[in-house]
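Heads up, the thing below is written out as structure tokens.
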Amino acid sequence: MASVLEYKCPSCGGAITFDSASQQMKCPFCEASFDVETLKSYDDALKNAQPSEMEWDVQSSEQWNDGEQENISVYNCESCGGEIICDDTTAASKCPYCDNTVVMTGQLSGALRPDCVIPFKLDKNATKQALTKHLDKKRLLPKIFKDQNHIDEIRGLYVPFWLFDTDTDAHIRYRATKIRAWSDSRYNYTETSFYSVLREGSIGFDMVPVDGSSKMPDDLMESIEPYNYSDIVDFQTAYLAGYLADKYDVDADHSIVRANERIKKSTEDTFASTVAGYSSVRAEHSNIRLSNGRVKYGLLPVWILNTSWRDKKYTFAMNGQTGKMVGDLPLDRGAFWRWFGILTGILGAAAFSIMWLIERM
């Protein structure tokens, strides 16, 4: 069995968890509180620890089928002795028998140990309130969805991210146009002037995040950005107590492609914003060079909500630090066509009024 780490209250022996409101470890039984730094000794063993390698040559009358055991890990709960079965990327979980929170030390040791973490700032109640606010004033959302929408699950999850720092030197050439129009008694004229616009300079990037978990959709994780990195702290397992956590299964090398895409787009957008006063602008050539590249492995807080309505699942994600929430919503087609008809009528009336005024001139 692999080893797990559990935090026990020194006063009553109960399981303690990280409290996002007080930013301290708290016992739900005797209400004792402890500073995270006082539990730092728990992490010292992780710095040089290596995952266990224990192999048995035992024949069993019942064998796993091919592929069934590949992504499964089994742990023992130190509180009740029950088995905790999870996939091979789980770094923090709960015992299904006694609900005790556990940290899988082997998933966070040696090279797998994160460099940093942003602790949760918002709790489960804040997540429910954010969902209610997210659904409010959505005119094309079926009203019955708000009334019958059932929250199946709320999970506080530390998602693994690669955080990239780099400096960029960019040289970008744009093709721009200026259009001038006029008319006389006989003709309408249009003059188009073409320009080659050059921009070059340097931009520094800090903490460009790339999701390191293949289980989390990249677009969903990027939609709840940005994070406030002033709250980032050195990693300690105490922050994981009471939450779920995954270790990365997409390494830094494979994340570089996405990091470069984000850095390139941000650089081009920033330079493009300085090209003003033209009728149209498009990039003809872009040369971006990176230097002083660095990468850190961090865990960022995310609340995941799964809801169901009419036998369909809807997933929402909320930034566990800032409260920004995103998620797909169903469409009330009847309301859509009503609003489409109203908008079409308004635009038609406006066009008729403009034509009438032109004819009167």
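The values are calculated or read from the model by the stated rules, or taken from the named source; none is laboratory data. Predicted, not measured: the structure shown is a model, and the values here were computed from it. Virtual Cβ from ideal backbone geometry, glycine too; neighbours counted across all protein chains shown.
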Query raised in the report: When residues of the range 252-300 are filtered for being basic (Lys, Arg), assigned to a helix (DSSP H, G or I) and surrounded by 14 or more Cβ atoms within 10 Å (Cβ to Cβ), how many remain?
Result: 3
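Conditions tested, residue by residue: (1) at pLDDT 90 or above; (2) in a strand (DSSP E or B); (3) touching a helix residue (DSSP H, G or I) at 6+ places or on another chain (Cβ under 8 Å).
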| site | (1), (2), (3) |
| --- | --- |
| Lys121 | yes, no, yes |
| Thr132 | no, no, no |
| Ile144 | no, no, no |
| Ile154 | no, yes, yes |
| Val159 | yes, yes, yes |
| Asp165 | yes, yes, no |
| Tyr174 | yes, yes, yes |
| Leu198 | yes, yes, no |
Query raised in the report: Looking only at the range 209-251, which residues are of a type in the set (D, E, K, R), closer than 22 Å to Thr166 by Cα and part of a strand (DSSP E or B)?
Result: Asp211, Asp234
Report task. Can you confirm whether the range 304-314 contains a residue that is assigned to a helix (DSSP H, G or I), at pLDDT below 85, out of contact with any His (no Cβ under 9 Å at 6 or more places or on another chain) and exposed (fewer than 14 other Cβ atoms within 10 Å of the Cβ)? Result -> no
Query raised in the report: Just one of the numbered conditions (1) without any contact (Cβ under 8 Å) to a residue 12 or more places away in the chain; (2) exposed (fewer than 14 other Cβ atoms within 10 Å of the Cβ) is not true of Ser193; which one?
Result: (1)
Query raised in the report: Can you tell me how many residues in the range 157-208 are basic (Lys, Arg) and more than 29 Å from Ala276 (Cα to Cα)?
Result: 1
